Amino acid sequence: MTMTTTATKGKSTGLRHFADLRDWGAHGVEKLVALARKLKAAPPKDLPLRGKSLAFCFMNPSLRTQVSFEVAAASLGAHPVTLFFGQGTWNMESRDGAVMDGSATEHLKDAVPVLGRYCDAVALRAFPSGKTWEEDRKEPQLSPFLRYSTVPVINMESSLGHPCQGLADLMTIQERMDPRRKRFVLTWAPHIKHLPSAVPHSAAQAAVLGGMDLVLCRPEGYDLDGEVMAWLKEESARRGTKVEVTDDPEKAYEGAHVVYAKSWGALSNYGALPPQDPAFRDRWRVSAEKMRRTERALLMHCLPVRRNLEIDDAALDCPGSVVLDEAENRLHTAKAVLLELLGASK
Ligand code: CP
């Protein structure tokens, strides 16, 4: 690892985790994407993870993440075990020193190393609580996994990042263009809920690590996390690429090579719902008309997407939309991450 991010720092165990794209750097991310593209072109004929077992732990719903990891594991010869914490397994406590007289029966301090006695890697999906960003950005669920795990940990989406999605996003772009110095527009999109910032964080990190110029287009008050933003600016400055922040979608789309749409909640007004008035929605919803301002840009979204709220049908169903490829590439990048973490990527 080139560095360890504050929020995903665990006990120094010498284990390599896939918790945050920033820990892997441009070289590490490029290596994983190259491996994923190789696996997509020619799936391995042998079973390089035969005899391994993998625990996929979910605290929140999923379609793509659960299915892509289970299929990736099985196709490499590993045995996937999927657990929905609190539904068929015990409710988990994550707070150090907690008096466990509530609904949680087991502490992650015990459960995580137990999983390590059975499995060769563990993966976690844990969305933020939505109470305070100050607490959520400390990764209250992922941090104990990193601290107590005796095997590699994969972040399947936490408060601060969704590195598996970011990897698939960069792979999808690389399949269609050399991303270096291309204009990547990350645009906020309307929603009825206050959504997590993990996907926009990792999408922006992947774009910058891929050498793209980043345009963050968001309404006032919808900035990304300050530490993430500082990293994006530092990494871009180091690479000689640009970061621009704007609240003007019409201008942002001009010359775009990629438009990445996603809704996220205001960190400065944590938990508050986004404005719902029709004019605000129209200004921020991705439309075919807005896409015509671009350089025939790819339209990306991690899915699930709320049609005609975040993105119009006419834009989502056009040839430039690569959302299904992005989803497919979750499978190939999942295989790459598993092989790399388990030392079977050669
Ligand atoms: N993009 C993504 O992570 O999808 P799921 O929430 O369905 O896993």
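Here are a few things to note about the model shown:
- Karplus-derived 3J(HN,Hα) values for the stretch 76-83, using 6.51 cos²θ - 1.76 cosθ + 1.60 with θ = phi - 60°, are 9, x, 8, 9, x, 10, 9, 10 Hz; glycine and proline are entered as x.
- Centroid-to-centroid, using Cα positions, the stretch 198-275 and the stretch 112-191 are 17 Å apart.
- For the pair Leu15 and His79, a Förster radius of 22 Å applied to the C-beta separation gives a FRET efficiency near 0.60, rounded to the nearest 0.05.
- Temperature 37 °C, viscosity 0.692 mPa s: under these conditions the Stokes-Einstein estimate for the stretch 187-250, based on its Kirkwood radius over C-alpha pairs, is 268 µm² per second.
- Extent of the chain along its three principal axes (Cα atoms, max minus min coordinate, largest first): 54, 49, 37 Å.
- 1.4 Å probe accessible area per residue over the stretch 65-113, in Å²: 53 Å²
- D (Stokes-Einstein, µm²/s), Kirkwood Cα radius, the stretch 236-346, 1.002 mPa s at 20 °C: 131 µm²/s
- For the stretch 148-256, accessible area per residue (1.4 Å probe, heavy atoms of protein chains only), Å²: 30 Å²
- Helix 64-75 and the longest principal axis of the Cα set of the chain meet at an angle near 50°.
- Candidate lysines for bridging to Lys31, where Cα separation is under 29 Å - those fewer than 8 sequence places away on the same chain excluded: Lys9, Lys11, Lys40, Lys45, Lys52, Lys138, Lys182, Lys233, Lys242, Lys262, Lys335, Lys346
- Taking max minus min of the alpha-carbon positions on each principal axis, the stretch 7-86 gives extents of 38, 38, 25 Å, largest first.
- FRET efficiency for the pair Glu295 and Lys193, taken as 1/(1 + (r/R0)^6) with r the Cβ-Cβ distance and R0 = 35 Å, rounds to 0.65.
- For the stretch 140-148, 3J(HN,Hα) computed residue by residue from phi via the Karplus equation (6.51, -1.76, 1.60; θ = phi - 60°) reads x, 9, 5, 4, x, 4, 5, 6, 9 Hz, glycine and proline entered as x.
- Residues whose placed amide H lies under 5 Å from that of Glu244, excluding near-sequence neighbours: Leu214, Val215, Leu216
- Residues with amide H under 5 Å from that of Cys57, placed H, sequence gap 5 or more: Leu83, Ala123, Leu124, Arg125
- Protection proxy ranking, peptides 326-339, 139-152, average beta carbon neighbours within 10 Å, highest first: 326-339, 139-152
- Fraction of accessible area attributable to carbon and sulfur, the chain (%, probe 1.4 Å): 51 percent
The values are calculated or read from the model by the stated rules, or taken from the named source; none is laboratory data. The structure displayed is predicted, hence computed values, not measured ones. Glycine gets a Cβ as well: all are built from the backbone with ideal geometry, and neighbour counts include every protein chain shown. When the accessible area is computed, the model is the full protein with side chains, heavy atoms only, and any ligands, DNA or RNA have been set aside. Shrake-Rupley method; radii C 1.70, N 1.55, O 1.52, S 1.80 Å.
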